[in-house]
1. Measure nothing but the geometry: give the 0 to 90° angle between the long axis through the Cα atoms of 20-31 and the longest principal axis through the Cα atoms of the chain, rounded to 10°.
2. Take 64, 58 and order them by how many other Cβ atoms sit within 10 Å, fewest up front.
3. If you count the DSSP beta bridges with both ends in the chain, what percent of them are antiparallel, to the nearest 5?
4. I'd like the distance between the alpha-carbon centres of the stretch 49-78 and the stretch 119-157, rounded to an integer number of Å.
5. What angle do you read, to the nearest 10 degrees and between 0 and 90, between the alpha-carbon axis of helix 100-109 and the longest principal axis of the chain?
6. Per residue of the chain, what 222 nm ellipticity follows from adding -39500 (n - 2.57) for every DSSP H run with n ≥ 4, rounded to the nearest 500?
7. Among [x] 0.93; [y] 0.96; [z] 1.03, only one was calculated for this model; which label is it, if the read-out is Rg/Rh (Cα atoms, Kirkwood Rh)?
8. Please compute the net charge surrounding residue 3, taking Lys and Arg as +1 and Asp and Glu as -1 over other residues with Cβ under 12 Å from its Cβ.
Amino acid sequence: MMNKTLVLGIGNPLMQDDGIGVYVVQKLRADYPNLPGVEFVDGGTLSFSLIGAIEEADNLIVVDAAQMDTVPGAVLHFLGDAMDNMLGLQKNSSVHDVTLIDLMSIALLADRLPTKRALVGIQPECIGWRMELSPVVDCAIPEACQVVMEIIKQWHI
């Protein structure tokens with residue numbers, strides 16, 4: 001039986017670079033519409049309705065804007081415990097009503113936390129009321145997609 005990998009893009013496209021995760025998942029879904037064992041989900045600004053999808057996944061890759069104290073448009077990934085630690089740092093700066101760490105905590109309490117977890121973070125340049133990504137963050141979409149696909153390939157071998 002094939003492992004199920006959930007690729008969850010989160011963010012608010014109305015808040016400029018905060019929406020990067022949604023745009024990356026849309027691109028991945030368009031480029032890989034029938035990738036076996038992989039589901040690409042636009043998680044938007046998060047809600048408790050996503051807990052079922054997270055709990056049903058064997059593997060979870062989250063794509064989101066993340067404050068990582070690096071140059072705008074930088075793409076970094078964090079696996080397993082490194083992801084969990086990064087989420088702890090992001091909790092206080094989240095613009096979402098429900099944070100990813102809230103959803104992960106619920107899955108952990110239910111003993112349904114995905115075994116393999118990764119966060120693909122993109123450093124935002126600007127978060128404000130604007131529907132377009134900043135040019136430097138927009139240019140990071142192909143690299144973020146490549147990082148996601150490399151993680152999927154490693155996990156599905």
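1. 60
2. Values: 64 27, 58 15.
Ascending number of Cβ neighbours within 10 Å: 58, 64.
3. Looking only at bridges with both residues in the chain, the antiparallel portion is about 20 percent.
4. When both Cα centres are located, 10 Å separates them.
5. Once rounded, one gets 10 degrees.
6. Working: 6 runs with 57 residues, N = 157.
That comes out to -10500 deg cm²/dmol.
7. [x]
8. Values: positive: 4, 116; negative: 39, 56, 58.
Around residue 3, the charge tally is -1.
Only the coordinates and a few stated rules stand behind these numbers; no lab work does. Small disclaimer: the values here were computed from a predicted structure and weren't measured. Virtual Cβ from ideal backbone geometry, glycine too; neighbours counted across all protein chains shown.
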